[in-house]
1. With springs only between Cα atoms under 10 Å apart, run a GNM on the chain and tell me which of ALA20, ALA57, ALA39 wobbles the most.
2. For ASP63 and VAL37, compute 0.36 nm times the residue count separating them, minus their Cα-Cα distance, and round to one decimal in nm.
3. Which of the aspartates and glutamates could a cross-linker span from LYS35 if the Cα-Cα distance has to be under 20 Å and same-chain partners fewer than 8 positions apart are dropped?
4. List the lysines whose Cα sits under 30 Å from the Cα of LYS60, skipping any in the same chain fewer than 8 residues away.
Amino acid sequence: MTDKPVTVRLPQDLLKDLMALSIVDDTTLADQIRKAVQAYSTARRNSPELEGEIAAARAKQSDIFSTLAS
């Protein structure tokens, strides 16, 4: 899979923390952000509530798009 560049705006204090951690961990800022996003994604995928949230999102999406068909 090819990486896709994205732009993210971060509060200054969070950016400073990530920059400091990248120095401590001897990694890049991009690596720090990738690790954080991966950890979040893994946690969400393993969340027992996710299945219900997906069903609710699908229902909401259906309701939204149904307005176009009327």
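Coordinate-derived values only; no laboratory data. Bear in mind the structure is a predicted one, so any value in this text is a computation, not a measurement.
1. Answer for the Gaussian network model of the chain: ALA57.
2. 6.4 nm
3. Excluding near neighbours in sequence, the set is ASP3, ASP13, ASP17, ASP25, ASP26.
4. The reachable lysines, counting only those whose Cα sits under 30 Å from LYS60, are LYS4.
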